[in-house]
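Below: the structure, in structure tokens.
Throughout, read-outs are computed from the coordinates displayed, never taken from laboratory work. Not measured: the values here are computed from a predicted model. Quick reminder, even Gly has a Cβ in these numbers, built from the backbone with ideal geometry, and neighbours come from all protein chains shown.
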Amino acid sequence: MTGNASLIFVYNAPDGIGAALIDAAHKLISPATYPCSLCAVTYGAVAMRRDWKAYLARLPYPVKFYHRDGFRRAFRALEVALPAVLIAQGDAPPRLLIDATTLDAQADVASLIATLDTALAGAR
């Protein structure tokens with residue numbers, strides 16, 4: 001299903017540099033209360049985790065990343081609990097690939113990769 005499909009990763013965090021600084025501090029001070037499990041698993045305090053970045057580079061899909069605000073602007077008609085991973089195929093609206101509850105259950109990058117691989121295999 002690679003063809004013209006792409007993956008969309010949506011963080012449950014606001015756009016902007018100021019928000020990124022607050023998020024970094026929140027992850028360091030109180031990681032258990034941080035509201036974006038996708039951010040918490042795939043990013044350290046300020047940078048994407050190397051193993052996640054390497055995995056994304058090996059995927060046969062282009063990937064796009066959105067923060068909550070940008071996603072809502074780009075996909076006004078799409079109501080999805082965040083964080084989320086969606087798959088877009090051609091001109092069709094993106095569809096949910098991994099929901100917020102499943103993302104919230106991911107303990108680390110390895111479990112997220114396994115979950116995403118399973119979801120992609122099922123989407124074919």
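Sorted by average packing, counted as other Cβ atoms within 10 angstrom per residue and highest first, what order do 100-108, 80-88 take?
Put in order of decreasing packing, that is 80-88, 100-108.
With a cap of 15 neighbouring Cβ atoms within 10 Å, and only residues DSSP puts in a loop, list the trypsin sites (Lys or Arg not before Pro) found in region 30-91.
When the trypsin sites (Lys or Arg not before Pro) of region 30-91 are filtered for loop state and at most 15 Cβ neighbours within 10 Å, Arg49, Arg76 remain.
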